[in-house]
Amino acid sequence: MKNCTFYAFMCVLIATSSCIGQNLTLRVKGKDSIESKVIDSIGYLKLHENYISLKYEVDTLQKQLYKIGYIANKRLSFKKVNDSAFTAKLHLKQKTDHIDIYFNTNVIDQTLIDVIAENSNTTFFSLKLTKVEDALSYLNSELANQGLPFSKLKLANIRTADEGNLKADLVIDNASKKRVINAIKVEGYNKFPKSYLKHYLKLKTSQVFDLSKIREKAEQLANLRFASQVKPAEVLFKEDSTTLYLYIKKSKSNTFDGFLGFGTDEETNNIQFDGFLNLKLINNLNFGETFSLLYKSDENDQETFDVGIGLPYLFNSPLGLDVNLRIFRRDSSFSTVDQKLKINYQINPLHKVAAGVSSTQSTNLRAENFITDLEDFSTSYFSLGYTYLKPQYYNILFPIKSNFSIETNFGTRTATSSETQQSLVFLKAFHNFDLNKRNSVYLNADAANLTSDDFFENELQRFGGINSIRGFEENSLLASLFAVLNTEYRYKVSNSIYIHSITDVAYFENNISNAKEKLISYGFGFGVLTKSGLLKFNFANGKNENQRFRFSNSKIHLSLVASF
């Protein structure tokens, strides 16, 4: 019973104290009714718990009046009316609308002034008084970005001008010497290729210090396959030096990709197998280099061997080198050897241009040439190309967001009895359209066009299969011109599983057989992220526009992409 009485007493005491703490009222008025209306339009807190809070509110109100132009406002009185009421009287005086600020163009660039000023010249600029604070804050941040992180701006020698406006001088402290980056240190990945700092991130010593741009550039590490940023860049300032610290870790970047495909032979009704192995090694020598090796065996007794080497930023220059060798053999009909050499320039982490040369040597392997469209020939091409690549390596299921590449080749084909001018254009583009966290649409376009006066079968482009139009045998379609559009509607079941539809369409022309055909395929597939890598399954059935769908023409493709 005593405890209940005690608790009840404490509750009453707390409630009473709360009421007492809330009964101080404040009223602020001006010297006349016009000034009072200005004060009321600004607004202020009228109920306070104690005298300190009440006095602080009056001080805050005066500061607000300063900002909107009543810089000469004055407190005339602050009186206690009774035990719970206080009255403050302010005299606002004349309102100042504008201020002319004089500055030195040797310290502040005129272009910065033009951004913030209503009107300006090389001597002074005008501002509304309400914008002064934001304008000075902007100028201070821009000076920091120009290598003056410790600069301080203030207005000095404030004086009255005509019609109640003001004049002032802009004074900048600590603006005598700009800061530059004296050293760049990489923490976590000590063997990170230094050429990538200079040419990929475009960070180098003697560069004017700009922390916002430095952090923006460091974020471009997300576009690298072999490295990532652990935390934002930091800076150590000393009296005579500035050191930039980048926190980077090495990422798994090597990939092994393979697939097994099988379908039914239309003539024998036997199951046929095909597949390929694709190995990519990236930055194993801590140079940023790439090595790729592809071996493919197709259903039609076709074999492909492709090896390439990419060397970025040769001799610490902005130029890189790509070398490629490709050997293609079709049963005992012919073999073709392609060699390419390109010089590339990385404009920025997303854009790259390239120029180079290539040669092709094709040999007819038949002892007797029963196929008149097979010829020995050689070609020499000059090539120009452009690539845009937007990765999202944090997304293991879909690591590339967008890709666009175009390459044009032009040169001469030399055959047994003739020389022919030719051109060859390749185009590839795809994009993932994210509808929401689970649903997305994938579009991929792939096209090529060979322009020539006449054509040989062993120089035509080959397409079809898992990396082209699905539902057809690998490299079973020959064309002088083709265009393929792959579409998928993807549903992400979880972070490790997705399912998708398959709708592919294609158009191609074969100038040897005078064929022009439209193709279409339908199907479905899924991807599962396993401990070994990303396992993909595709089931597709393809046909041309004059055929009916036959289940026996369906193709199943399995592939596994493993990172190590």
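For segment 496-564, the gyration tensor built on C-alpha atoms gives a prolate shape. Its axis ratio a/c (a ≥ b ≥ c) is at least 1.5, and a/b is the larger of a/b and b/c.
Pairs exceeding a 20 Å alpha-carbon distance, out of LYS191/LYS342; LYS252/LYS280; LYS31/LYS80: LYS191/LYS342. Applying both filters, DSSP loop and at most 16 other Cβ atoms within 10 Å, to the chymotrypsin sites (Phe, Trp or Tyr not before Pro) of segment 394-450 gives TYR394.
Across segment 453-556, how large is the tail of the calculated P(r) beyond 23 Å, expressed as a percent of all Cα pairs?
Details: 1895 of 5356 pairs.
Looking at segment 453-556, the distances longer than 23 Å represent 35 percent of pairs.
Taking a straight Cα-Cα cut-off under 24 Å and skipping sequence neighbours fewer than 8 places away in the same chain, the lysines within cross-link reach of LYS154 are LYS63, LYS67, LYS74, LYS95, LYS128, LYS131, LYS167, LYS177, LYS178. What you get for the chain, charging only the Cβ of Lys and Arg (+1) and of Asp and Glu (-1), is a dipole of about 4020 debye around the Cα centre. Each of ALA168, ALA483, PRO318 was scored by the projection of its Cα onto the charge dipole of the chain, and the greatest displacement toward the positive side belongs to ALA168; charges sit on the C-beta of Lys, Arg, Asp and Glu.
The alpha-carbon atoms of segment 275-433, seen along their principal axes, cover 55, 35, 33 angstrom, with the largest extent given first. Between ILE42 and SER77, the simple spin-label model (points 7 angstrom out along Cα→Cβ) gives 2.0 nm. From most to least packed by mean Cβ count within 10 Å, the peptides 419-425, 95-101 give 95-101, 419-425. Screening the chain for whole DSSP H helices with an alpha carbon extent of at least 18 angstrom along the helix axis and a mean Kyte-Doolittle hydropathy of at least 1.0 yields 2-21. Among the listed values [x] 18, 44, 34, 5, 0; [y] 15, 32, 23, 19, 10, 1, 0; [z] 19, 55, 25, 1, the one computed from these coordinates for P(r) over Cα pairs in 20 Å bins from 0, in percent is [y]. Other residues lying with their Cβ under 11 Å from the Cβ of SER151 contribute a combined charge of +3, Lys and Arg counting +1, Asp and Glu -1. Stretched out straight at 0.36 nm per residue, the stretch from PHE526 to LYS93 would grow longer than its current Cα-Cα span by 148.3 nm. Taking every Cα-Cα distance in segment 143-243 and sorting them into 5 Å bins from zero, the calculated P(r) comes out as 2, 10, 18, 19, 13, 10, 7, 6, 5, 4, 3, 2, 1, 0 percent.
Based on the Stokes-Einstein relation at 4 °C and a viscosity of 1.567 mPa s, and on the Kirkwood radius from alpha carbon pairs, segment 390-429 is assigned a translational diffusion coefficient of 98 µm²/s.
Taking Lys and Arg as +1 and Asp and Glu as -1, the other residues whose beta-carbon sits under 12 Å from that of ASN140 total -2. Remark: the ALA222-ALA562 segment gains 120.4 nm on full extension, using 0.36 nm per residue and subtracting the alpha carbon distance. Computed extension gain for LEU443 through ASP331, at 0.36 nm per residue and net of the alpha carbon distance, reaches 36.9 nm. Loop-located trypsin sites (Lys or Arg not before Pro) in segment 451-559 (DSSP state other than H, G, I, E, B) with a sparse environment of at most 13 neighbouring Cβ atoms within 10 Å: LYS531, ARG548, ARG550. Charge tally around VAL28: other residues with Cβ under 11 Å, Lys/Arg +1 each, Asp/Glu -1 each, net +2.
What FRET efficiency, computed as 1/(1 + (r/R0)^6) with R0 = 25 Å and r the Cβ-Cβ distance, is obtained for ASP373 and LEU277, rounded to the nearest 0.05? Walk me through the numbers before you get to the answer.
On the way: r = 31 Å, r/R0 = 1.24.
For ASP373 and LEU277, the calculated efficiency is 0.20.
Readers should treat all values here as calculations from the given coordinates under stated rules, not as data from a laboratory. The structure presented is a predicted model; accordingly, all values stated were derived computationally and were not measured. Note: ideal-geometry Cβ built from the backbone for every residue, glycine included; neighbour counts use all protein chains shown.
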